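Since the structure comes first, as structure tokens, the remarks are kept for the end.
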Amino acid sequence: MAGGPHPVELAGMLHELTVRLLTSDTLPRALDRLTAFAVGSLPGAARCSVALIGEGGPLMAATSGTAGETFDHSMYEGSTGPGLEAARTRSLVTAGDLLADERWPQLREAATASGIRAVAAFPLDVRRTAVGALSVYLESPGDPGPELLVTAMALAGQAEVLLGELGRRAALTEGAEVDRAVGVIIAQRGCGVQEAYAVLQESAQRLGLDRRIVAERLVAAAARKSGN
């Protein structure tokens with residue numbers, strides 16, 4: 001596609017994005033860094049937002065930029081809009097003028113209030129564990145240019161791989177912490193492995209907390225007790 005970024009420049013951007021995301025300690029922090037990097041790197045971008053929907057989990061979202069807040073809120077609240085369509089269809093979605101686009105007339109008022117006129121939404125598919133989109137908003141009407149499209153496609157593709165790696169690391173960390181907590185339960189109760197896993201899961205459900213958090217607290221409490 002003519003008018004795209006220079007390959008050397010694009011390679012440098014992808015390297016910087018890789019460093020920023022892989023040094024994030026949590027997935028929400030990585031999403032914050034992704035949107036901040038995108039809005040600072042994409043030509044003409046006034047705002048970037050990203051949304052991920054995991055299997056059976058809540059929507060995770062992050063944004064960067066001054067414009068578009070009302071539009072994002074209205075899109076998620078109404079469950080319709082370019083970002084959500086890109087996530088559902090796994091395809092690029094663009095709109096050169098949100099005030100005239102017939103696909104989302106209910107979002108025109110939000111677009112006006114947000115000070116945005118055009119958008120390009122790029123699908124994200126994170127190792128089949130989550131789907132979502134990276135949305136890039138522009139303050140002026142007109143179809144997004146080739147440089148923005150090529151650069152954003154590359155950033156989205158790289159982000160898919162990096163977010164998948166962060167998810168893999170988080171799963172390994174959670175598994176190790178859960179195993180340690182199960183060992184504590186077995187030592188305290190004298191029960192079997194399966195019963196210990198069930199006790200941990202029941203405790204997490206009763207407290208309304210993630211199993212990893214309960215496991216961390218249990219291991220920490222056992223460590224404090226053994227140190228006394």
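Determine whether segment 178-195 contains at least one residue that is more than 29 Å from the chain's Cα centre (by Cα), among the acidic types (D, E) and surrounded by fewer than 16 Cβ atoms within 10 Å (Cβ to Cβ). Let's see the steps before the verdict.
At the first step, the residues of segment 178-195 found to be more than 29 Å from the chain's Cα centre (by Cα) are 182-195.
Still in the list and also among the acidic types (D, E): 195.
This time we only want the ones that are surrounded by fewer than 16 Cβ atoms within 10 Å (Cβ to Cβ), so: 195.
Yes, because at least one residue in segment 178-195 is more than 29 Å from the chain's Cα centre (by Cα), among the acidic types (D, E) and surrounded by fewer than 16 Cβ atoms within 10 Å (Cβ to Cβ).
Please verify whether segment 171-186 includes one or more residues that are under 30 Å from G12 (Cα atoms), touching a strand residue (DSSP E or B) at 6+ places or on another chain (Cβ under 9 Å) and not β-branched (V, I, T).
No, because not a single residue in segment 171-186 is under 30 Å from G12 (Cα atoms), touching a strand residue (DSSP E or B) at 6+ places or on another chain (Cβ under 9 Å) and not β-branched (V, I, T).
If G175 satisfies every condition in (1) at pLDDT below 90; (2) over 24 Å from the mean Cα position of the chain (by Cα); (3) not charged (D, E, K, R) but one, which is the exception?
So G175 meets the others, but not (2).
Using beta carbons and a limit of 6 Å, which pairs, at least six apart or on different chains, have the first residue in segment 165-190 and within 30 Å of D125 (Cβ to Cβ) and the second one of a type in the set (D, E) and part of a helix (DSSP H, G or I)?
So the pair list comes out as E177/E216.
Check E147, E139, E160, E216 and return the single one that is touching a strand residue (DSSP E or B) at 6+ places or on another chain (Cβ under 8 Å) and over 17 Å from V50 (Cβ atoms). Outline the logic, then answer.
On the way: E147 fails: touching a strand residue (DSSP E or B) at 6+ places or on another chain (Cβ under 8 Å); E160 fails: over 17 Å from V50 (Cβ atoms); E216 fails: touching a strand residue (DSSP E or B) at 6+ places or on another chain (Cβ under 8 Å).
So the residue among E147, E139, E160, E216 that is touching a strand residue (DSSP E or B) at 6+ places or on another chain (Cβ under 8 Å) and over 17 Å from V50 (Cβ atoms) is E139.
Between a first residue in segment 119-134 that is in the same structural domain as G44 (by TED's automatic domain parsing) and a second residue that is in a strand (DSSP E or B) and of a type in the set (D, E, K, R), which pairs have beta carbons less than 8 Å apart while being 6 or more apart in sequence or on different chains?
Cβ pairs passing all conditions: V131/D125.
Of the residues T23, T18, which single one is exposed (fewer than 12 other Cβ atoms within 10 Å of the Cβ), touching a helix residue (DSSP H, G or I) at 6+ places or on another chain (Cβ under 9 Å) and either without any contact (Cβ under 8 Å) to a residue 60 or more places away in the chain or in the same structural domain as A133 (by TED's automatic domain parsing) (or both)? Steps first, answer last, please.
Values: T18 fails: exposed (fewer than 12 other Cβ atoms within 10 Å of the Cβ).
None of the other options fit; the residue is T23.
It is to be established whether one or more residues within segment 185-200 are in contact with a Lys or Arg (Cβ under 9 Å, 6 or more places away or on another chain), among the acidic types (D, E), at pLDDT 90 or above and under 30 Å from R108 (Cα atoms). It would help to see each step written out before you state the result.
Kept after step one, since they are in contact with a Lys or Arg (Cβ under 9 Å, 6 or more places away or on another chain), are these residues of segment 185-200: 195-196, 199-200.
Now drop any that are not among the acidic types (D, E), which leaves 195.
With at pLDDT 90 or above added as a condition, the list becomes 195.
Subsequent filtering for residues that are under 30 Å from R108 (Cα atoms) retains none.
No, that holds for no residue.
The values are calculated or read from the model by the stated rules, or taken from the named source; none is laboratory data. Here the structure is a predicted model, which is why all the values come from computation and not from measurement. Positions of Cβ are backbone-derived with ideal geometry, glycine not excepted, and every protein chain shown enters the neighbour counts.
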